[in-house]
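Take a look at the structure set out below.
The values are calculated or read from the model by the stated rules, or taken from the named source; none is laboratory data. Everything quoted here is computed from the prediction, not taken from an experiment. Note that each Cβ is placed from the backbone with ideal geometry, even for glycine, and that neighbours are counted across all protein chains shown.
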Amino acid sequence: MTTSREGAAAPEWFDQHCHLPESGAEAVVAEARAEGVVGMVDVGCDVSGSLAAISRARSLIGVWATAGVHPHEAIGGIEGLDVLLGEPEVVAVGECGLDYHYLHSPQVAQRNAFAAQVALAHRHGLALVVHTREAWPDTFAILAAEGVPERTVIHCFTGGPDEARRCLDLGASLSFSGIVTFASATEVQAAAVLCPDDRLLVETDSPYLAPVPHRGRPNRPALVGVVGARLAELRGVGPGSIAAITRANAERLYGLDRGRP
């Protein structure tokens, strides 16, 4: 455990969702560790990207991987994904879900790929990492039809209190990114306040969505504490409390508290 300049124990953060770079990941992880980040999950968005995340997780201490097909890539299908889910470094299926904002893949392809990956999470007993953007009704419909895996997280939560309550009622956890630091994100902030302690997670989604005051620059896992500090402010507690809660929740979500590598 690290200590602050005042001698008190410094918060230890877990970035539950990031995208490490293809080159220079070692330096990014080292910087994060220097800022008190003790763990991070490197998220796959297609089969080749998932393979790369697995490779990085094998060589970097405190890094785990997911394997999944992002809705943007859904048009290519999910062939080859199943075999990756047995790798010991893989702690979740995803990110997968629906994104109706950009429609890089047709809606029907997105829905099919999402449903198939929910089924894979059930089959392999893995956590499910859900991406949803401008697609709440279909997201809820597919989760209801396929059954919500016991360990499910709505990553980079962008809804308000109503969507938060529906996710929580399904048993899902909510993960908050740098968006919660934006002055305009009042609905997301309200959701962050109502989320129970045992369902709360924090992430960077780096290299995207750098938090205030770092907007306009590439995000990185070292900044997860900035997001966590804003959550702490909103919830009226200290950053150390948020760090401890969200780290324990991430370790439980990904099975790390049970000895999974």
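Residues in the range 92-115 that are surrounded by fewer than 24 Cβ atoms within 10 Å (Cβ to Cβ), of a type in the set (A, V, I, L, M) and within 21 Å of Val41 (Cβ to Cβ): none.
Filtering the range 31-46 down to residues that are aliphatic (A, V, I, L, M) and surrounded by 20 or more Cβ atoms within 10 Å (Cβ to Cβ), which residue is farthest from the chain's Cα centre (by Cα)? The extreme case among them is Ala32.
Filtering the range 1-30 to residues that are exposed (fewer than 11 other Cβ atoms within 10 Å of the Cβ), at pLDDT below 80, out of contact with any Asp or Glu (no Cβ under 7 Å at 6 or more places or on another chain) and in a loop (DSSP other than H, G, I, E, B) leaves Arg5, Glu6, Gly7, Ala8. Among the candidates Gly39, Gly94, the residue that is closer than 23 Å to Arg133 by Cβ and out of contact with any Cys (no Cβ under 7 Å at 6 or more places or on another chain) is uniquely Gly94. For the range 40-80, the set of residues classified as in a helix (DSSP H, G or I), touching a Gly at 6+ places or on another chain (Cβ under 7 Å) and more than 16 Å from His155 (Cβ to Cβ) consists of Val47 only. Looking across Phe182, Phe176, one residue alone is under 13 Å from the mean Cα position of the chain (by Cα) and either over 12 Å from Gln16 (Cβ atoms) or not hydroxyl-bearing (Ser, Thr, Tyr) (or both). It is Phe176.
This table checks each residue for (1) at pLDDT below 95; (2) within 14 Å of Ser175 (Cα to Cα); (3) surrounded by 15 or more Cβ atoms within 10 Å (Cβ to Cβ).
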position: Pro211; (1), (2), (3): no, no, yes
position: Val237; (1), (2), (3): no, no, no
position: Ile245; (1), (2), (3): no, yes, yes
position: Tyr254; (1), (2), (3): no, yes, yes
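With respect to the conditions (1) within 29 Å of Ile61 (Cα to Cα); (2) in a helix (DSSP H, G or I), Ala190 lacks only one, and its number is (1).
The set of residues in the range 62-98 that are under 30 Å from Ala27 (Cβ atoms) and in contact with a Pro (Cβ under 6 Å, 6 or more places away or on another chain) contains only Pro88. Annotation for the range 157-177: no member residue is among the acidic types (Asp, Glu), buried (at least 16 other Cβ atoms within 10 Å of the Cβ), touching a strand residue (DSSP E or B) at 6+ places or on another chain (Cβ under 7 Å) and in contact (Cβ under 8 Å) with a residue 24 or more places away in the chain.
Would you check if there is a residue in the range 17-34 being in contact (Cβ under 8 Å) with a residue 40 or more places away in the chain and either under 18 Å from Gly86 (Cβ atoms) or of a type in the set (Gly, Ala, Ser) (or both)? Yes; the residues of the range 17-34 include at least one that is in contact (Cβ under 8 Å) with a residue 40 or more places away in the chain and either under 18 Å from Gly86 (Cβ atoms) or of a type in the set (Gly, Ala, Ser) (or both).
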